[in-house]
Amino acid sequence: MLALSFVLIGGGLLVTAWGLPAAHRLRRPWGAVAALAVLGGVVSALTGVLLAVVPHFFG
């Protein structure tokens, strides 16, 4: 479960780091997709942190 939390944290940070500049750079419909990807990345990273800090939170 610890490996899954690190994957969620790393993936969430990567998607957030890609999506923040992309949301401003891309044109109309794709900017909204990038902004939603940022939201998903933040949720993923926070879920990974929660799994790493409180191991049996979802169990």
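Against the longest principal axis of the chain, how steep is helix 28-53, in degrees 0 to 90 to the nearest 10, with axes from Cα atoms?
10
Per 0.36 nm of contour for each residue apart, how much would the distance between VAL43 and LEU2 grow if the chain were fully extended, relative to their Cα-Cα spacing?
13.0 nm
Hey, got the Cα dimensions of the chain along the principal axes, in Å, largest first?
Cα spread of the chain along its principal axes, largest to smallest: 42, 16, 11 Å.
Since every read-out is calculated from the coordinates, none of them should be taken as a lab result. The shown structure was predicted, so the numbers you read here are calculated from the model rather than taken from an experiment.
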